[in-house]
1. Hey, among Ser574, Ser565, Ser580, which residue is modelled with pLDDT of 80 or more, surrounded by fewer than 19 Cβ atoms within 10 Å (Cβ to Cβ), farther than 24 Å from Gly715 by Cβ and not assigned by TED's automatic domain parsing to the domain that holds Val727?
2. Hey, among the residues in segment 608-637 that are of a type in the set (A, V, I, L, M) and surrounded by fewer than 20 Cβ atoms within 10 Å (Cβ to Cβ), which one's farthest from Asn674 (Cα to Cα)?
3. How many residues does segment 191-207 hold that are over 20 Å from Tyr133 (Cβ atoms) and either among the aliphatic types (A, V, I, L, M) or modelled with pLDDT under 90 (or both)?
4. Just to be sure, is Lys194 closer than 30 Å to Gln291 by Cβ, surrounded by fewer than 18 Cβ atoms within 10 Å (Cβ to Cβ) and outside the structural domain of His78 (by TED's automatic domain parsing)?
5. Applying the selection to segment 172-227, what residues are within 23 Å of the chain's Cα centre (by Cα) and part of a loop (DSSP other than H, G, I, E, B)?
6. Among residues belonging to segment 496-532 that are surrounded by 11 or more Cβ atoms within 10 Å (Cβ to Cβ) and of a type in the set (S, T, N, Q), point out the one that is modelled with the lowest pLDDT.
7. Is at least one residue of segment 593-607 outside any helix (DSSP H, G or I), more than 24 Å from Ile676 (Cα to Cα) and of a type outside the set (Phe, Trp, Tyr)?
8. Of all residues in segment 734-750, which are touching a Lys or Arg at 6+ places or on another chain (Cβ under 9 Å), more than 13 Å from Gln678 (Cβ to Cβ) and modelled with pLDDT under 85?
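The values are calculated or read from the model by the stated rules, or taken from the named source; none is laboratory data. Only a predicted model underlies this, so the values are computations on that prediction, with no experimental measurement involved. No Cβ is skipped: glycine too gets one built from the backbone with ideal geometry, and neighbour counts run over all protein chains shown.
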Amino acid sequence: MMLRYVFIICLFIVSSTLKAQDEIAVKFSVKVKVLDKETRKPIENADVTVAGIQYSYSTIDEYYKVQARYNDELIVRHFDFETVYYTIKGNDEIVIQVEKEDKQKTFSKISDKISKSSRSFKKIRFKSYFSEYIDSAKVFKEKDIDKSLSFVEKTFKEDLTQGRKAEAFKVMGDIYFYWRQYDLASQNYDTSLKQKDNVTVRLLLAKSQFLSKKYKESEQSYNRSKKGKLSNFERMTLFEGLGDVLQAMKDWSKAKTNYETALNIAEKQGNKSKITDLNSKLAEVFAKSGQVAKADVLYQNSLQLANQENVKRSLEQEEKVADYLNSSQRYDEEIQLRKESLKKAEEITTDEVDAVGISINANKAIDNETLVDSITSQKINYKIGNAYLLKEEYEEAIPFLEKSISDADKKSDLIVKKDATRKLSEVYATVGDFTKALKNYQDYVNLVDTLYAKREQEIQQVKRFSKRISDNQNRIASLEKDKELADSKIDLAYKDQQLAQESNKRQEIVIYSLIAGMVLISLLMYFMYRNIRQQKLANNLLALKSMRSQMNPHFIFNALNSVNSFIAVNDERSANRYLSEFSVLMRSVLENSDEDFIPLSKEAELLQLYVKLEHNRFQDKFEYEINIDEKIPLDTYIIPPMLLQPYIENAIWHGLRYKKEKGYLRILMEQKENDIVQVIIEDNGIGRKKSMEMKTKNQLKQKSKGMSTIKKRVGILNDMYQDKIEVRVTDAYENGEGTKVELLLKKIKL
């Protein structure tokens, strides 16, 4: 009986605790009024944020209506007063009274001059439109960069306090950040901090430095931010940002520590979105540091948490986990997850973005673009097809790749269409449907050309856009310099001298701008050249793969005829032995068909097997010997697969086979120099001239394409690797009989 009462009491305590926790986690509305202490008038353009979410002023109700939970921190910022932090304890109305900085300025030099002639002097006052200009700049930030910057430019024509200058530069930084000009954003955030220190701006500076890949500078900025007063959300942002930087620097241990600190804060604050993100980032760190079991658990946690939020978040997280499964070669799990994502993708619209705060998450548009790119049906279908391809389940891969191409065509997604078309060409080539493989490869080439033309247009657009941004920045910088010059002329009475100095500064700015423009153009040209070179390399590799996938058909047919002849004379044992050796050769050829290069030792094994097979068929036609210098480190040399086979085939079929008496084939591999191996293939057959005469007389026989193909392959390889293979074909004897092939193979460094 006593135990029953104890159980009831414990159950009551637990339920009360859970109820209290639920009440703490539930959001409620709070009215926030921000008043000027002197005038008692409401301030309408303050930055009022709770948990990173910014709330706007209601002109009808004359207050800020925020959504908060118990113990959330309210942050009120404004360019005319110091930042206010307040911990919310309930849903009672919050009134914050602030004292603005003195905005009125006197022109001391004019005052001195006037006071000499007249004792009456009135302060000169101007109506300020600073707040209106800043609000307009924020409104046009995502719509029109030129218009947005023009409003910021207007603010510099006024006499600004340090706080207002800091706000103007901060807004400029936000504009450049949104348009991915991270270097300019960093520059303006840094200038803002010089005017007035602000934790939010410092965090934005660290983020822009991180996106500019200036990881050391970003780490320093985050560490400096620790010294200021931070809200819980800012602390969470700081440690998450540090984790991102350290992960980029591959310092897994420190990245893990910072992510765990951020996760602890997010869990205390009940921020589900950040809990999901941080679980995912921790999983990524564990995966990269080799702790797969922990990574699996955290990725599963992030999936469950994302499913509890909304479809968009679920899809975003499923994409990350699927990529992780792909990198771990867990293709079945990846395929299953991506198929689930494919069903959800239809429910997402491109304009769904979580409101995770304006002041900290200035790269909202970038996050959305990345998300939209990840969840398109064409990309998901492509990745499913690629997973099946990696599993070597080619028939299952084909419909997904075809669907990817179809969807990409409808949505004008040329990049995915190009990649899917190339993969489909490779799949068809692998399954032996060379007609479709060729068609898709031709489509791929056309898409590459189209993309190249489009990329050229984009580069021109980027150049024009960069020039516009540079002009805007220079104009604003010039305006600020002009203003400083005007003040210095009044204050220091060195009008001519200051004007000359400022003129020199402007000339320097113009010169540096021109130099920067030339550097930018040079970089763009370099990247264009590199992209063209990479594309050419990709095309060459695909051409080589296509060539080496071809095996001379008459060799296969004749081999099968040999088996048939053994069977016809009831020589089952010879037929079985020949067929077994032939299958070993074919298997080795197919295994190497996906490799661009194989060790010379493997190529030697294939040649020995091939010559043995041909000798079995033509024992009455030739004998052979293969001599390989034991001093040659065969495994240190690499060679394209089946490079030597056509020369040997040519020697047997066109030289020794037509010789009346029994011929001889010699294959020699020897070290000629330190990094050069010489391969000699020599026969005493009928010779090249007589072979050509016999070919012209016998037009019914199919011509081998082996020699023309091998010449093309050697040409492509020498173009790619600067003359690493040298081939010379000569007559073996002065009377024109016999053929000698000398091949020099140099070490290739990939």
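1. Ser580
2. Within segment 608-637, the match that is farthest from Asn674 (Cα to Cα) is Leu613.
3. Qualifying residue count, segment 191-207: 9.
4. Considered against the rule, which asks whether it is closer than 30 Å to Gln291 by Cβ, surrounded by fewer than 18 Cβ atoms within 10 Å (Cβ to Cβ) and outside the structural domain of His78 (by TED's automatic domain parsing), Lys194 comes out as no.
5. Within segment 172-227, Trp179, Arg180, Gln181, Ser212, Lys213, Lys214 meet the criteria.
6. Only one residue fits best here, namely Gln497.
7. No, every residue in segment 593-607 fails to be outside any helix (DSSP H, G or I), more than 24 Å from Ile676 (Cα to Cα) and of a type outside the set (Phe, Trp, Tyr).
8. Gly736, Lys747, Ile748
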